[in-house]
Amino acid sequence: MSLNLEQIAVYERVGFLALENFVSDESCDRLRARAEELVGDFDPAGVVSIFSTHEQTRTSDDYFLESGDKIRFFFEENAFLPGGTLRQSKARSINKIGHALHDLDLVFDNFSRSPEIKQLVSDLGIIDPLLLQSMYIFKQPNIGGEVTCHQDATFLYTEPPRMVGLWFALEDATLQNGCLCAIPGGHKLGLKSRFVRAKDGGTRFDIFDDSPWPEKELRPLEVEKGTMIVLHPLLPHMSRENRSAKSRHAYTLHVIDASVDYPKSNWLRRSAKMPLRGF
């Protein structure tokens, strides 16, 4: 599947592009089944790492910071009762799996390195692609947390910003179960902040522009299962809470160009034993 000039023009103008039926139902179901197997095999004893975009620096523990070349599991912010027990089953309490599924699991590896994805990132100007990060996102029923408005380049910064985010809907994504929302054209507002490793340990945000996002301009991106949404690294986007009884599973992949500089100050790092790979 190659992008045509009109599609590329839309992406450059609004900062995102939705491609329906990019993934077959069978491929979506295969990823979902594999994610369920991984969660089933995960032993959470002694591991309580909670993912939250509301207090990102507070929740950036070592388990999170060392996940760039591993498969790790992060709980929903509202997964636990005051006494520390889970509100729901383990399978209904995980927020996401990250951040090297594409390199460490055969099912996700095969999906992430498909000829169709390789062609698409090439069409978008990623000449020498490297697969940087992957996440499986559950958006659990009833407790699925909000992801606040942000830019991917805040967390995965390159100089110049030659990166693309690929978001795959493994189930229908609606307003009710927390679909993506984006600000069309917002990628032209410039980078507002960077999430970096602090010299004395932990993380911090370097703020370049503290003006609020024009959230009145957010538009919901309701899409059907099998749709892929391409996200510009500077596009402001978010997803709201899921308080419905239906989950909103998605898989995301971020690809950078080998020619860019990936600063050591970025939170996501890899050991020398596992360098980034392309297709």
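Each value in this text was obtained by applying a stated rule to the coordinates, not by laboratory testing. This one's a predicted model, so the numbers in the text were calculated from it and none came from an experiment. Heads up, the Cβs are rebuilt from the backbone with ideal geometry, glycines too, and the neighbour counts pull from every protein chain shown.
Summary table
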| read-out | value |
| --- | --- |
| The stretch 128-279, relative contact order in percent, only Cα pairs under 8 angstrom and at least six apart counted | 49 |
| For the stretch 5-257: relative contact order, % (alpha-carbon pairs under 8 angstrom, 6 or more apart) | 29 |
| Whole-percent pair-distance distribution, where bins are 10 Å wide, for the alpha carbons of the chain | 6, 30, 40, 21, 3, 0 |
| Rounded to the nearest 20 debye, dipole of the chain from Cβ charges on Lys, Arg, Asp, Glu | 460 |
